[in-house]
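Working notes, structure below.
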Amino acid sequence: MIRIELQIDLYYQVNDAYGADFVFNIHPALTPWQMLTHEHLALSQAITPEISTDGPTGNRYMRLHAEPGPLTVSYSATVDLQHFRADPAALDEAPVREMPIDVMQYIYPSRYCQSDRLIKFAINRFGHLSRGHSRVQAIQDWVKSHVAFTSNTSNSNTSAVDTLIEQVGVCRDFAHLMIALCRAVNLPARMATGTDFGADPALGPPDFHAYVEVYLGDRWYIFDPSGTSIPMGFMRIGTGRDAADVAFATIFGNVFSQAPLIRTRAIVDDAAGIEWPSHVAQALSTSGPG
């Protein structure tokens with residue numbers, strides 16, 4: 001088991017005389033494989049937020065209305081992760097006819113992952129490979145080797161096709177391109193968000209992180225095409241088709257925002273079976289069958 005302590009601090013200045021509405025996705029998702037042992041939320045304004053959970057994904061959304069002036073959102077949590085581990089060689093691709101209906105949505109094109117535009121490209125490069133985990137690994141390795149991780153090279157409009165052309169980006173761009181290429185060869189793939197546990201400090205301060213889950217066998221397995229972090233330390237916050245579904249903050253109104261401050265720390269307790277996150281050869285999943 002992995003135990004992660006999380007601290008998120010967000011700072012805003014609401015400049016609209018009528019205030020502003022916010023939808024946050026910063027709470028770790030609640031699933032049978034990810035359990036909260038502690039959480040605390042503090043808001044600088046006297047606000048009672050509405051927090052709701054999406055059943056299929058476990059995503060938790062916090063909605064609130066802030067008055068004009070400063071708004072600080074401070075959230076902390078302790079999260080336990082229980083990974084399912086599998087031999088990559090034993091993982092095959094699920095035929096479309098056998099996919100669960102809730103998995104099917106992740107095989108179609110989406111706003112940032114235009115898989116329909118990349119079908120010929122993907123088939124030429126990956127269509128001849130053996131089906132299963134090894135083909136997904138090949139797609140991940142190709143994206144990692146052909147895209148340079150470079151800060152401030154993309155924006156909220158950058159799509160998988162843009163990243164394929166420009167060959168630079170940040171974690172969400174790597175994720176979008178890998179997702180689109182997987183879908184182009186009929187592999188269900190989706191975006192997940194967490195934090196960049198284990199990332200090299202030279203890349204910048206700790207941040208939110210986008211990674212990929214691909215459906216193999218009967219569950220979703222973790223892939224990190226940017227290769228910047230340690231997948232075993234990925235605490236799931238949001239899951240969706242692409243970045244449009246998993247923004248950590250969506251703002252409606254005239255608001256100035258500062259960069260988020262994020263801190264994560266792994267806790268080790270050998271007696272309790274709590275280990276340090278590390279790179280492993282096994283395929284990892286924090287999602288159950290189906």
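Just so it is clear, none of the values below were taken in a lab; they were calculated from the coordinates. Here the structure is a predicted model, which is why all the values come from computation and not from measurement. Cβ sites come from the backbone with ideal geometry, for glycine too, and all protein chains shown count toward neighbours.
For every helix of n ≥ 4 consecutive DSSP H residues, a contribution of -39,500 (n - 2.57) applies; sum these over the chain, divide by its total residues, and give [θ] at 222 nm rounded to the nearest 500 deg cm²/dmol.
Result for the chain, helices only: -4500 deg cm²/dmol.
Sorted by average packing, counted as other Cβ atoms within 10 angstrom per residue and highest first, what order do 270-276, 210-216, 110-116, 122-128 take?
210-216, 110-116, 122-128, 270-276
Provide, for q = 0.11, 0.19, 0.20, 0.27 Å⁻¹, the log10 of I(q)/I(0) from a solvent-free Debye sum over equal Cα point scatterers in region 1-71.
Each listed q maps to, in turn, -0.34, -0.86, -0.92, -1.34.
What net charge do the residues around Ile262 carry, taking every other residue with its C-beta under 10 Å from that of Ile262, with Lys and Arg at +1 and Asp and Glu at -1?
Around Ile262, the surrounding residues sum to -2.
Average projected area of the Cα convex hull of region 1-119, in nm²?
On the way: hull surface 45.1 nm².
Its average projected convex-hull area is 11.3 nm².
Take the Cβ-Cβ distance between Ala90 and Ser52 as r, set R0 to 30 Å, and report the resulting FRET efficiency rounded to the nearest 0.05.
After rounding, the FRET efficiency stands at 0.20.
How big, on average over all directions, is the shadow cast by the Cα convex hull of region 216-266, in nm²?
Quarter of the Cα hull surface area: 5.6 nm².
Mind listing the Cα extents of region 190-252 along all three principal axes, in Å, largest one first?
Largest first, region 190-252 extends 37, 34, 16 Å along its Cα principal axes.
Excluding Leu6 itself, what net charge comes from residues whose Cβ is under 14 Å from its Cβ, given Lys and Arg +1 and Asp and Glu -1?
Taking every Cβ under 14 Å from that of Leu6, the sum is -1.
Can you give me the three principal axis dimensions of region 58-195 from its C-alpha atoms, in Å, biggest first?
57, 36, 25
By its C-alpha gyration tensor, with a ≥ b ≥ c as the square roots of the eigenvalues, how is region 153-290 shaped: rounded for a/c under 1.5, else prolate for a/b larger than b/c, else oblate?
Details: a/c = 1.68, a/b = 1.14, b/c = 1.47.
Oblate, since a/c reaches 1.5 and b/c is not below a/b.
Just to confirm the number: angle between the C-alpha axis of helix 133-146 and the first principal axis of the chain, 0 to 90 degrees, nearest 10?
Approximately 60 degrees, to the nearest 10.
Quick check: Cα centre of region 12-62 to Cα centre of region 226-267, how many Å?
12
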